[in-house]
Amino acid sequence: VVPSFEEMGVLVLDPKTIPSVEAMDALGAPSKPHLRAALRLLALPPAEGAAAAAGAGSRPDDAPAFNTEDFEFTETFGQDWETRWSHGPSTKDEKGKEIRTQLIKRELVKYPSNPKDAKQCFMLMGGAPNAPCTGIWLSFAPLARPTEVEFEFTMNGKVDMPNACVVFTQKEFNGALPECKVGVQFTVRGGMQLCGGNSQLVRISNDGKIQNDKWNKVLLKIDWNDKVVVGQVDTRGKGYAPAIQTVPFRDNACEGFGYLYIYNTDVQATCWFTSLRIKQEQGDALSGLDAGALQARAILAKNLQEKQYQSAVEADMEVGMVMGAIKSTAQHGMNLAEEQRANNRAF
């Protein structure tokens, strides 16, 4: 029902909630559409069976709504960035104390100082140890299911603390990140990593270390059927290196992304972002990737890690043998080999 223009109002009614045309004619409903007439319709009983039909096709109150349209959102952090992004939302440290405002700085800069590599970008300086979601954030309504996320960044900070964190969650942060139904969680901690199921960190950087004042690109492809992410990085400007493996969502219960958070957890850390692209489209996000190659690279990476671990154990044992030999010599004048032979003769 559209009222006359001069009333400057529009009321849109679901036809299932109002009487049928025949019933309105029988009731003598006014033929001229206007706002008062539309309001009167709300007091009339709906058409027979319409309420049941409306209920059958409706969505449960607690069921989330999803954006099913293809879209591509691109953020280049221009002068109007604060019209889309908000600060925080968290303002407290891990002990519940308020974080001083000057400890976290957010502004647009040109970085680095080298003119060859300098770009207009967003700078996030500072953070709080073990305190997530203290930087900037934006929301999606209804929930989005992006199939591709790409961003360019660089950072400086301690290697043992998560920084330049880019986190997608279904629910809003209210003090505890695990309660937000975290889907994708990217972080830099001794290299670029994704946080998978059971909070296990999986390294995705495989073409070298992050270099100070050098831009890095990250491409995350998301499969919503299996709820896995494939990450690729480019730290040399030569294109994305082959993906290593798939990484499961941190929380498999995540059904869509409603919030995006960017933050550091090191007080002295600084990260810079030049662009962020979020794309949602129908189809298989991982269709262009070779699953067999992914699995082979994952096995290779695991074997290499085990080999490095075994080498470290052997090095520790060698040091222990040397220390044991020195200690034995100091006690009775025999080295370790002589002591072992003496012990064997005793039996």
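Calculated translational diffusion coefficient of region 158-271 (37 °C, 0.692 mPa s; Stokes-Einstein with Kirkwood radius over alpha-carbon pairs) equals 227 µm²/s.
Over region 99-231, Cα pairs under 8 Å with separation of 6+ residues give a relative contact order of 21 percent. Can you pick out the pairs among Lys110/Lys158; Lys92/Lys214; Lys95/Lys221 whose Cα atoms lie more than 25 Å from each other? Beyond 25 Å: Lys92/Lys214; Lys95/Lys221. Stretching Lys97 away from Gln79 to a fully extended chain increases their span by 3.3 nm, per 0.36 nm per residue minus the current alpha-carbon distance.
Just so you know, the Cα atoms of region 71-185 work out to an Rg and Dmax of 15.1, 44 Å.
Once R0 is set to 25 Å, what does the formula 1/(1 + (r/R0)^6) return for the Cβ-Cβ distance between Ala176 and Phe66, expressed as a FRET efficiency to the nearest 0.05?
It comes to 0.50.
A 1.4 Å probe run over the protein chains yields, for region 176-216, 45 Å² of accessible area per residue, whole-number rounding. Only protein atoms count toward the accessible area here, which uses a 1.4 Å probe; on region 173-227, the carbon and sulfur part of that area reaches 38 percent.
Is the shape of region 75-120 rounded, prolate or oblate, going by the alpha carbon gyration tensor and its root eigenvalues a ≥ b ≥ c, with a/c under 1.5 for rounded and a/b larger than b/c for prolate? Since a/c reaches 1.5 but b/c is at least a/b, the shape of region 75-120 is classed as oblate. Report the gain in length on full extension from Leu201 to Asn225: 0.36 nm times residue separation, minus Cα-Cα distance, nm rounded to one decimal. Gain on extension, Leu201 to Asn225, equals 6.5 nm.
The values are calculated or read from the model by the stated rules, or taken from the named source; none is laboratory data. Computed from a predicted model, the values in this text were never measured in an experiment. As a convention, Cβ positions derive from the backbone with ideal geometry for all residues, glycine included, and neighbour counts pool all protein chains shown. Note: accessible area is taken over every heavy atom of the protein model, side chains too, but ligands, DNA and RNA are not part of it. Shrake-Rupley method; radii C 1.70, N 1.55, O 1.52, S 1.80 Å.
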